[in-house]
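Novice: Shown below is the structure under consideration.
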Amino acid sequence: MAESIYILGDEDRKKFARLVASAWEDAELRGRYESDPRGLLSQYGIAYPEGVPTPPLPPKPEGEFDITDLESAAGSSAPSSVSTVLTLTSMTGPSVPSTVGDPT
């Protein structure tokens, strides 16, 4: 039986991007997400349906990043956006690479 997936809306993707960026910088927060992802999602204002697997935190990319760039990408509908990586990661698990190439 196939697992259900849940696609975050634009605002929730931005909230999730902030959570991800915070977890990349804070090991305690990352640990809290691993032990209680729904509780932390709720704390960040994201209502995630019961019965649907929560997305794992993607690995931190190499180099520096700016939270505004991450939030912008998370709200984008472009196929190579962070939201696509997060959605793909939630569907397939942590083996998905941290970047997705441009489809063109």
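The values are calculated or read from the model by the stated rules, or taken from the named source; none is laboratory data. Everything numeric in this text was worked out from a predicted model, so none of it was measured. Note that each Cβ is placed from the backbone with ideal geometry, even for glycine, and that neighbours are counted across all protein chains shown. In case anyone asks, the SASA skips ligands and DNA or RNA and just uses the protein heavy atoms, side chains included. Shrake-Rupley method; radii C 1.70, N 1.55, O 1.52, S 1.80 Å.
Novice: How many of the residues in the range 30-46 are over 14 Å from Pro58 (Cα atoms), in contact (Cβ under 8 Å) with a residue 24 or more places away in the chain and open to solvent by 30 Å² or more (accessible area, probe 1.4 Å)?
Specialist: Counting residues in the range 30-46 that are over 14 Å from Pro58 (Cα atoms), in contact (Cβ under 8 Å) with a residue 24 or more places away in the chain and open to solvent by 30 Å² or more (accessible area, probe 1.4 Å) gives 2.
Novice: Now, a different point. Ala27 - would you say it is among the small types (Gly, Ala, Ser) and surrounded by fewer than 16 Cβ atoms within 10 Å (Cβ to Cβ)?
Specialist: In short, yes.
Novice: Could you list all residues from the range 1-29 that are among the charged types (D, E, K, R), assigned to a helix (DSSP H, G or I) and either more than 21 Å from Glu62 (Cα to Cα) or touching a residue at least 12 places away in the same chain (Cβ under 8 Å) (or both)?
Specialist: Asp10, Glu11, Asp12, Arg13, Lys14, Lys15, Arg18
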